[in-house]
1. Based on this model, can you work out whether Ser95 counts as over 18 Å from the mean Cα position of the chain (by Cα) and surrounded by 15 or more Cβ atoms within 10 Å (Cβ to Cβ)?
2. Taking only region 197-247 into account, find how many residues are aromatic (Phe, Trp, Tyr) and buried (at least 23 other Cβ atoms within 10 Å of the Cβ).
3. Go through (1) open to solvent by 70 Å² or more (accessible area, probe 1.4 Å); (2) modelled with pLDDT under 90; (3) outside any helix (DSSP H, G or I) and name the single condition His175 misses.
4. Could you tell me which residue of region 197-228 is modelled with the lowest pLDDT, considering only residues that are acidic (Asp, Glu) and farther than 21 Å from Ile99 by Cα?
5. When the residues of region 196-230 are narrowed to those that are within 20 Å of the chain's Cα centre (by Cα) and of a type in the set (Ser, Thr, Tyr), which ends up farthest from Asn90 (Cα to Cα)?
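The values are calculated or read from the model by the stated rules, or taken from the named source; none is laboratory data. None of the values given here were measured: they were computed from a predicted structure. Every residue, glycine as well, gets a Cβ built from its backbone with ideal geometry; the counts of neighbours run over all protein chains shown. We work out accessible area using only protein heavy atoms, side chains counted, and drop any ligands, DNA or RNA first. Shrake-Rupley method; radii C 1.70, N 1.55, O 1.52, S 1.80 Å.
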Amino acid sequence: MIIKLIIGIAIIAALFSFIHKYKKAKPEERKSWILKGVIAVVVVAVIVGAITGRVPVIAGLVAAVATFGRFGLRWGMPLAKMWLAKSGGNATFRSEYLIMSVSVANGQMTGKVIKGEFAEQNLGNIKEDDIQKLHRFFNEHDKKSYYLLTAYIRSRGFANTFTDKNQEHFDSAQHDHHHSNHSNPPNQSSSVPLSEAMEIFGFKETPTKKEIITVHRRLMSKLHPDKGGSDYLAARVNQAREVLLAHHAHNE
């Protein structure tokens, strides 16, 4: 009885650990985590079967898992992709120099430079000194890119490593956001186009009102300034929500 209790606690702890790591993993790493999870289930099933003497039952469960892995994923993954395409998988923000994506599921932010010295490079592959260089450049040449990069820097947690003049730039951006009372940053007072609003919410098809509200809630839970997010991104998400709701109401 005690052994079974210990095993049960260990399985629950492992499950919580797996879910936590899966949510934190980058999108391209999740497939390998799913494979690890399946392997772990098989291993645990064999061990439990050996201890409890229910090997035939466990063998049946393993076979079911294998069958699901072969057929369930074959049909399930396309359905999951269809759902993500409709209800928002990644929120995308664009500027003249950057494309930034935010996972609706976990708020993880990734970005890519699309113009200039570091064009076609992912922000995650650019050294911190060069991120500082980009931050200074954007501050002088493109405020939209500047605010996007500021949000990325904050999300990655290395804002405190900025030094000298560039730290002043970062602090200035944060100061502007704080004293904007969560209103729109400079040059963002106009409404976003419908196509951009769709992209921000990650929609590929026309959403329902419920889907708009659901994705908005998820995004704001990750991007709201009071939750450690960005004023700029939160403002753009709110603008996109109004555009999408207005478009939905017009077409009803």
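1. Values: over 18 Å from the mean Cα position of the chain (by Cα): yes; surrounded by 15 or more Cβ atoms within 10 Å (Cβ to Cβ): yes.
Considered against the rule, which asks whether it is over 18 Å from the mean Cα position of the chain (by Cα) and surrounded by 15 or more Cβ atoms within 10 Å (Cβ to Cβ), Ser95 comes out as yes.
2. Let us first name the residues in region 197-247 that are aromatic (Phe, Trp, Tyr), namely 201, 203, 232.
Of the ones still in play, those that are also buried (at least 23 other Cβ atoms within 10 Å of the Cβ) are 201, 232.
Residues in region 197-247 being aromatic (Phe, Trp, Tyr) and buried (at least 23 other Cβ atoms within 10 Å of the Cβ): 2 in total.
3. Going through (1) open to solvent by 70 Å² or more (accessible area, probe 1.4 Å); (2) modelled with pLDDT under 90; (3) outside any helix (DSSP H, G or I) one by one, His175 breaks only (3).
4. Taking region 197-228 and keeping what is acidic (Asp, Glu), we get 199, 205, 211, 226.
Filter once more, keeping what is farther than 21 Å from Ile99 by Cα: 211, 226.
Details: Glu211: 92, Asp226: 79.
Ranking the candidates gives Asp226 first.
5. Residues of region 196-230 within 20 Å of the chain's Cα centre (by Cα): 196-205, 207, 211-230.
Applying the additional criterion that residues be of a type in the set (Ser, Thr, Tyr) yields 214, 221, 230.
Values: Thr214: 14, Ser221: 14, Ser230: 16 Å.
Within region 196-230, the match that is farthest from Asn90 (Cα to Cα) is Ser230.
Quick grid of which residues meet (1) closer than 16 Å to Gly229 by Cα; (2) at pLDDT 95 or above; (3) part of a loop (DSSP other than H, G, I, E, B):
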residue	(1), (2), (3)
Ala85	no, no, no
Lys112	no, yes, no
Leu134	no, no, no
Ala151	yes, no, no
Gln188	no, no, yes
